[in-house]
Amino acid sequence: MGDMKLGIFALVALGGVIGFGVGALSVNGTADIVVDGRINPNTASLGMLAELPSIGPSRAGAIVEYRQRVASDGGGRAFSEIGDLEKVKGIGAITAQKLKVFLTFE
């Protein structure tokens with residue numbers, strides 16, 4: 001399974017390098033927008049988030065739950081910078097910084 005994670009991100013990164021600045025990857029039947037090889041935690045599916053290093057299904061679920069809670073409270077976008085991920089249960093500063101290269105907030 002670990003090799004699969006690397007394969008997905010290598011594929012996305014390669015797409016960015018050869019000029020596919022924006023694309024879509026299908027994971028579990030949902031489309032995720034990929035910008036320059038990075039995903040947006042405000043819009044990414046549970047499946048795509050779960051493939052991020054140090055995240056997995058449990059933390060991915062916490063990200064989606066937090067994002068939905070913020071939206072339902074009228075707070076708009078849950079994540080506008082990498083530090084906002086630390087508001088999610090189970091994600092601290094070290095994990096957030098590891099994710100920086102895989103995420104975009106645009």
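Close amide H pairs (under 5 Å, H built 1.01 Å from N) link L103 with I39, residues at least 5 positions away or on another chain. Residues R69, R38, R77 in ascending order of nearby Cβ atoms (within 10 Å, fewest first): R69, R77, R38.
Values quoted throughout were computed directly from the atomic coordinates according to the rules given, and no laboratory measurement underlies them. Keep in mind it's a predicted model, so treat the numbers as computed, not measured. Don't worry about glycine lacking a Cβ; one is built from the backbone with ideal geometry, like all the others, and counts go over all protein chains shown.
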